[in-house]
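**Student:** One structure, pasted below without further comment.
The values are calculated or read from the model by the stated rules, or taken from the named source; none is laboratory data. Source: prediction; values computed, not measured. No Cβ is skipped: glycine too gets one built from the backbone with ideal geometry, and neighbour counts run over all protein chains shown.
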Amino acid sequence: MMLTAKIKKLLLHPVPTVAAVMMCTAFLYLLEQAINHMPFVMFSVMGMATVFFLLSRKIYFSIYTALTLTTLISVASVLKYRTKGFDLHVYDVIFTGTDPKAFAFLLDEFTIYIVPFAGLMLCAVLVLSLVFIWDRKCAITAPWRAGLMAATFALIPASYPLRADEPRYFHYLGGFNASAFFVSFLDIKDAALGRGIGDKFAKMPAAEPFAAPDTCETAGSKPDLFVVLSESQSDLSRLGEFGIDEHFSQQFKSGDGKSHGLRVETFGGGTWISNFSFLTGLSSLDFGWQAPYLTTAMEGRVNYSLATELKRCGYRTAVLMPMKYNFVNEGPFLKSIGVDEILDYDRIGASEYAHHDRFYYEAARAFIEEHRKTDGRPLFLQVQTMFAHSPYSAHLALSSPVEDIETDSSDLDEYIRRVDQAQEDFRWFLGQAEADSKQRPSIVLEFGDHQSFATRDLITRLHPDFAIDNLSSSAYQTFFTVHGYGLNVDMRPFEFANLDIGYLGVSLLEAAGLRESPMFADLAALRDRCNGRLYYCTDRIAVDQHLNRRIASGYLVVE
């Protein structure tokens, strides 16, 4: 009882409360690392406190609850950023929190983080419950409490840390873990008001729709097209320290012996963002606040895609993915853009989310062999891998030559081992395609969806242009490779210093010798005009005209 009384006296006193505010402010700054963001962060904390004060009439409880919640949110953001490269967003609560498949994935893959965090939350609930019981209601009336809340919330916009024209998307990629969650509430406002890509094009003159596509002809037989999404991989031959570049010097090269750079629009996570652009030929950044959640926001709104183009050319289309069908709504989205079959976690018989990539390639081979026995159509199959994905706390890779490579980061060491293993598995898949080439010609396109968070410190040191808020920086460069078996691949559509991922699909069509529809032919012309750039094309008017014609054709629904 004496101890309880002392704790109560300590907590319900102005001096310790002010000290707690100061310590929390210092901790949040350590997570944010941007002094100009701190007024916004602390006004957000105050706003939260005034809401609790309005509801409870308890001053100390309201202050401690606001501080605790902000700390927990910020810590959760740090954990998410370390594993996904994307700060905590309010949509994580809306989408992930209500998605059992996504929640199961987090529990399975990130137990090392979730269990301690859950324990921290439990302790916080217990302490705050005691404070709620001990704290007395004050005599300040509801109108005064409501006025205090209104005054505090009026100060939050004045302290907003971004420029008015600055995309919030880059803020979430920047590791601003104390402010990102609060900034993300503006995305809810824009969603509620219907603000998005449609606003821009509603103001543009009506565009001429694309002509209806005609038959799809080729000079010869149509090759099978295999696309490998190499999870979390980038060209490690660019990392000129610790002997990494020497070991990987001959990897990440196409069949012509050349290396090819690919620009993506996400860093450290967000595989579905890159895959969206690859399959649709669209830049995620054109969708503003929807960018991180396009598989949900754009389901049923993209009516012409790489899949529908290939089906026009007589292809059977399928995607093999390591996650379950409904994870981040990717399965339903892929179906909505014309993919015939989804080979998900359950269908391929997966037992965990971090199988070696050989597992996914063997599942792909089983599907390919069955298809060739029962279906005469050419095949488009995308294989999404998983082995190089974070977290890197467990040593999962087999013994390999890179065991001798030791960097200054255990996460980077494990990441390098996994990439080496993944590339060995990929070479096995290439060998299978080569063995089949006399019976079935094929093209194997591999691309990295984004860089891994494990490489950030090293890339920052080696490439001074590294910047999260600049898509032209080294942060957004990965790679692609192209290998042809049983045919000569036209590599001219890929010959750019760095190709934006939105053009990768149409370049594959041209390399395969397939006759494009008017829409994809216009996209290819846009690629050439913009020198491989999409969102940041110097002729932005041409990009907007292309998008406007998609909208006029019913290929893209933005309202």
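**Student:** Test of understanding: among Ala192, Ala150, which residue is modelled with pLDDT of 80 or more and either surrounded by fewer than 14 Cβ atoms within 10 Å (Cβ to Cβ) or under 30 Å from Thr25 (Cα atoms) (or both)? Quick ask: steps written out before the conclusion?
**Tutor:** Details: Ala192 fails: modelled with pLDDT of 80 or more.
From the options Ala192, Ala150, the qualifying one is Ala150.
**Student:** Can you pull out the residues in the range 50-67 that are in a helix (DSSP H, G or I) and touching a residue at least 24 places away in the same chain (Cβ under 8 Å)?
**Tutor:** Here is the first cut: in the range 50-67, the ones in a helix (DSSP H, G or I) are 50-56, 59-67.
Thr50, Val51, Phe53, Leu54, Ser56, Ile59, Tyr60, Phe61, Ile63, Tyr64, Thr65, Leu67 - these are the residues of the range 50-67 that are in a helix (DSSP H, G or I) and touching a residue at least 24 places away in the same chain (Cβ under 8 Å).
**Student:** Next up: Within the range 447-456, does at least one residue satisfy the condition of being without any contact (Cβ under 8 Å) to a residue 60 or more places away in the chain and within 22 Å of Asp357 (Cβ to Cβ)? Outline the logic, then answer.
**Tutor:** Looking only at the range 447-456, we keep the residues that are without any contact (Cβ under 8 Å) to a residue 60 or more places away in the chain, and these are none.
No: the range 447-456 contains no residue that is without any contact (Cβ under 8 Å) to a residue 60 or more places away in the chain and within 22 Å of Asp357 (Cβ to Cβ).
**Student:** Could you please give the count of residues in the range 32-62 that are surrounded by fewer than 21 Cβ atoms within 10 Å (Cβ to Cβ), touching a helix residue (DSSP H, G or I) at 6+ places or on another chain (Cβ under 9 Å) and more than 21 Å from Met149 (Cα to Cα)?
**Tutor:** Here the count works out to 1.
**Student:** I'd like to verify a number: residues in the range 322-335 that are surrounded by fewer than 18 Cβ atoms within 10 Å (Cβ to Cβ) and within 17 Å of Leu279 (Cα to Cα), how many?
**Tutor:** Filtering the range 322-335 down to residues surrounded by fewer than 18 Cβ atoms within 10 Å (Cβ to Cβ) leaves 326, 332, 335.
Checking the rest, the ones that are also within 17 Å of Leu279 (Cα to Cα) come to 332, 335.
The number of residues fulfilling the criteria is 2.
**Student:** For the range 356-400, how many residues are among the hydroxyl-bearing types (Ser, Thr, Tyr) and touching a residue at least 60 places away in the same chain (Cβ under 8 Å)?
**Tutor:** Matching residues across the range 356-400 total 5.
**Student:** Just checking: which of the helices (runs of 4 or more DSSP H) contained wholly in the range 249-318 hold 2 or more residues that are among the charged types (D, E, K, R), farther than 30 Å from Arg372 by Cα and at pLDDT below 90?
**Tutor:** Where helices (runs of 4 or more DSSP H) fall fully within the range 249-318, none carries at least 2 residues being among the charged types (D, E, K, R), farther than 30 Å from Arg372 by Cα and at pLDDT below 90.
**Student:** Taking the condition surrounded by 12 or more Cβ atoms within 10 Å (Cβ to Cβ), part of a loop (DSSP other than H, G, I, E, B) and in contact (Cβ under 8 Å) with a residue 60 or more places away in the chain, does Phe201 pass? Don't jump to the end; show me each part of the working.
**Tutor:** Numbers: surrounded by 12 or more Cβ atoms within 10 Å (Cβ to Cβ): yes; part of a loop (DSSP other than H, G, I, E, B): no; in contact (Cβ under 8 Å) with a residue 60 or more places away in the chain: yes.
No: the conditions fail for Phe201.
**Student:** What pairs come out if I take residues in the range 1-17 that are closer than 19 Å to Leu67 by Cα and free of Cβ contacts under 8 Å to residues at least 12 places away in the same chain and pair them with residues that are surrounded by 10 or more Cβ atoms within 10 Å (Cβ to Cβ) and hydrophobic (A, V, I, L, M, F, W, C) whose C-beta lies under 6 Å away, six or more apart or interchain?
**Tutor:** Qualifying pairs under 6 Å: Pro16/Leu10.
**Student:** With of a type in the set (S, T, N, Q), under 27 Å from Phe276 (Cα atoms), surrounded by 16 or more Cβ atoms within 10 Å (Cβ to Cβ) and touching a Leu at 6+ places or on another chain (Cβ under 8 Å) as the only criterion, which of Thr407, Thr455 stands out?
**Tutor:** Thr455
**Student:** Within the bounds of the range 397-415, is there any residue that is assigned by TED's automatic domain parsing to the domain that holds Val228, touching a strand residue (DSSP E or B) at 6+ places or on another chain (Cβ under 8 Å), among the aromatic types (Phe, Trp, Tyr) and under 28 Å from Phe226 (Cα atoms)?
**Tutor:** Taking the range 397-415 first, the residues assigned by TED's automatic domain parsing to the domain that holds Val228 are 397-415.
After this cut, where a residue has to be touching a strand residue (DSSP E or B) at 6+ places or on another chain (Cβ under 8 Å) as well, the list is none.
There is no residue in the range 397-415 that is assigned by TED's automatic domain parsing to the domain that holds Val228, touching a strand residue (DSSP E or B) at 6+ places or on another chain (Cβ under 8 Å), among the aromatic types (Phe, Trp, Tyr) and under 28 Å from Phe226 (Cα atoms).
**Student:** So, of the residues in the range 372-390 that are surrounded by fewer than 19 Cβ atoms within 10 Å (Cβ to Cβ) and in a loop (DSSP other than H, G, I, E, B), which turns out to be nearest to the chain's Cα centre (by Cα)?
**Tutor:** Restricting to residues being surrounded by fewer than 19 Cβ atoms within 10 Å (Cβ to Cβ) and in a loop (DSSP other than H, G, I, E, B), the top hit is Arg377.
**Student:** Now for a separate question. Against the definition (in contact (Cβ under 8 Å) with a residue 24 or more places away in the chain, in the same structural domain as Arg417 (by TED's automatic domain parsing) and in contact with a helix residue (DSSP H, G or I) (Cβ under 7 Å, 6 or more places away or on another chain)), how does Thr308 come out, yes or no? Outline the logic, then answer.
**Tutor:** Details: in contact (Cβ under 8 Å) with a residue 24 or more places away in the chain: yes; in the same structural domain as Arg417 (by TED's automatic domain parsing): yes; in contact with a helix residue (DSSP H, G or I) (Cβ under 7 Å, 6 or more places away or on another chain): no.
Spelling it out, it is not the case that Thr308 is in contact (Cβ under 8 Å) with a residue 24 or more places away in the chain, in the same structural domain as Arg417 (by TED's automatic domain parsing) and in contact with a helix residue (DSSP H, G or I) (Cβ under 7 Å, 6 or more places away or on another chain).
**Student:** OK, next. Is there a residue in the range 417-435 that is in contact (Cβ under 8 Å) with a residue 60 or more places away in the chain, crowded, with 23+ Cβ neighbours inside 10 Å, of a type outside the set (S, T, N, Q) and outside any helix (DSSP H, G or I)?
**Tutor:** no
**Student:** Would you please name the residue that is modelled with the highest pLDDT, looking only at residues in the range 168-183 that are buried (at least 22 other Cβ atoms within 10 Å of the Cβ) and closer than 12 Å to Ala291 by Cβ?
**Tutor:** Tyr172
**Student:** Okay, moving on. Determine, yes or no, whether Asp425 is in contact with a helix residue (DSSP H, G or I) (Cβ under 6 Å, 6 or more places away or on another chain), acidic (Asp, Glu) and farther than 30 Å from Asn488 by Cβ.
**Tutor:** Against the criterion (in contact with a helix residue (DSSP H, G or I) (Cβ under 6 Å, 6 or more places away or on another chain), acidic (Asp, Glu) and farther than 30 Å from Asn488 by Cβ), Asp425 does not qualify.
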